[in-house]
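Engineer: Input: one structure, supplied below.
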Amino acid sequence: GNLRGFAKVTRDITQRKQTQERRELEMLRDAVRARDEFLSVASHELKTPLTPLQLKLTALLRTVENNPSATLPVERIARDLEVARRQVRKLSDLIEDLLDVSRISVGQLRLDRAPMDLASLARDVVVRYAPQSAQVGCSVTLEAPTPVEGNWDRARVDQVITNLLTNALKYGAGKPVHVRVRKEAGLAVLSVRDEGIGISQEDQPRVFERFVRAVSERNYGGLGLGLFITQQIVEALHGTVQVRSTPGEGSTFTVMLPPDMDAETQAPPKPDAP
Ligand code: ADP
């Protein structure tokens with residue numbers, strides 16, 4: 001009897017060990033698959049801007065070489081340079097996102113807090129993206145009637161607004177986009193609403209994860225880093241970011257930030273004296 005019991009316990013342990021090993025092997029396989037897919041997407045995304053960049057630079061070089069001293073077609077050269085500049089910007093943005101992700105993973109996303117107005121920053125970003133909005137035929141409205149002040153990091157909050165706005169332009173199907181800044185229950189609230197393709201219920205919680213792109217949207221390009229970085233910045237500022245979306249009707253991303261005001265004066269703390 002003892003021997004039979006012993007054999008059963010041994011069998012149980014062996015089975016549990018095998019299940020555990022199988023699970024670990026599956027996790028390892030998933031990680032390898034995710035890494036391979038990331039490498040393939042990242043190489044593709046980094047390579048895409050290089051083709052137009054190379055073509056434009058070669059064309060410019062030819063134009064200059066063939067016109068040693070005669071008049072140059074300045075307008076065409078300016079247009080080509082603009083295309084080249086845009087592609088360089090795309091590459092540098094992608095690389096900057098990758099660097100941010102590695103900063104985040106080693107806990108080195110530093111914040112440089114200083115008093116600022118969220119309403120005027122949102123206006124700056126909307127104005128900066130006016131040419132791109134026009135290009136995709138999208139009208140962007142801004143509702144930010146009063147200053148919304150707090151002690152945040154201007155460059156990082158700029159990045160948050162930019163990520164949400166560029167996503168709204170990218171996935172907004174050319175329909176109107178609405179940016180709103182207001183104060184609610186002592187919090188600064190920024191929302192970016194589009195009327196585009198939307199995100200399925202199942203994908204909504206996952207879009208803030210690193211390298212996640214909603215499955216059906218692969219053809220839009222992108223590394224799936226923008227929302228991850230956005231959430232990390234917002235959380236570093238002790239805020240929250242949420243999405244509400246209906247497929248085919250659009251999405252609203254809402255960021256809430258505590259103002260981190262000076263407790264005594266209820267005003268943003270003054271920057272340190274030099
Ligand atoms: P990227 O846009 O580079 O893929 P993001 O991290 O910014 O990466 O977004 C992750 C995914 O979330 C996108 O791939 C897309 O599927 C989805 N998404 C983000 N913003 C929107 C939006 N406004 N409308 C629909 N889908 C969106």
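Engineer: Classify segment 1-124 as rounded, prolate or oblate, taking a ≥ b ≥ c as the square roots of the eigenvalues of its Cα gyration tensor: rounded when a/c is under 1.5, otherwise prolate if a/b is larger than b/c and oblate if not.
Structural biologist: Working: a/c = 6.50, a/b = 2.37, b/c = 2.74.
It comes out oblate by the Cα gyration axes.
Engineer: If you roll a 1.4 angstrom probe over the protein chains with everything in place, what fraction of the accessible area of segment 103-171 belongs to carbon and sulfur, to the nearest %? The partial results should precede the final answer.
Structural biologist: Working: 1690 of 3390 Å².
The computed percentage sits at 50.
Engineer: While we're on this one: By the gyration tensor of its Cα atoms, with a ≥ b ≥ c the square roots of the eigenvalues, what is the shape of segment 83-138: rounded for a/c under 1.5, prolate for a/b over b/c, or oblate?
Structural biologist: It is oblate, given that a/c is not under 1.5 and a/b is not larger than b/c.
Engineer: Could I ask something else about it? For the chain, please report how many Lys pairs fall under 19 Å Cα to Cα, leaving out neighbours fewer than 8 apart on the same chain.
Structural biologist: Qualifying lysine pairs in the chain: 5.
Engineer: Also, I was wondering about something else. Sort 162-175, 18-31, 237-250 for me by packing, meaning the mean count of neighbouring Cβ atoms within 10 Å per residue, highest on top.
Structural biologist: Top of the packing list down: 162-175, 237-250, 18-31.
Engineer: Can you compute 3J(HN,Hα) from phi for each residue in segment 43-52, using the Karplus curve 6.51 cos²θ - 1.76 cosθ + 1.60 with θ = phi - 60°, rounded to whole Hz and x for Gly and Pro?
Structural biologist: Calculated HN-Hα couplings, in order: 5, 4, 5, 6, 7, 3, x, 5, 5, x Hz.
Engineer: Also, quick follow-up: Taking a ≥ b ≥ c as the square roots of the Cα gyration tensor eigenvalues, with a/c under 1.5 meaning rounded and otherwise prolate when a/b beats b/c, else oblate, which class fits the chain? Walk me through the numbers before you get to the answer.
Structural biologist: Values: a/c = 2.17, a/b = 1.34, b/c = 1.62.
It comes out oblate by the Cα gyration axes.
Engineer: Further, regarding this structure: Can you work out the accessible area per residue across segment 1-160, with the rest of the protein chains kept in place, probe 1.4 Å, in square angstrom?
Structural biologist: That works out to 72 Å² for each residue.
Engineer: Once Lys and Arg get +1 and Asp and Glu get -1 on their Cβ, which of A144, A155, A31 lies farthest toward the positive end of the dipole of the chain?
Structural biologist: Positive-end residue among those listed: A31.
Engineer: Against the longest principal axis of the chain, how steep is helix 118-128, in degrees 0 to 90 to the nearest 10, with axes from Cα atoms?
Structural biologist: So the inclination is approximately 60 degrees.
The values are calculated or read from the model by the stated rules, or taken from the named source; none is laboratory data. Please read these numbers as outputs of a predicted model, since none were measured by experiment. Ideal geometry is used to build each Cβ from the backbone, glycine not excepted, and the neighbour counts take in all protein chains shown. Accessible surface areas use protein heavy atoms only, side chains included; no ligands, DNA or RNA. Shrake-Rupley method; radii C 1.70, N 1.55, O 1.52, S 1.80 Å.
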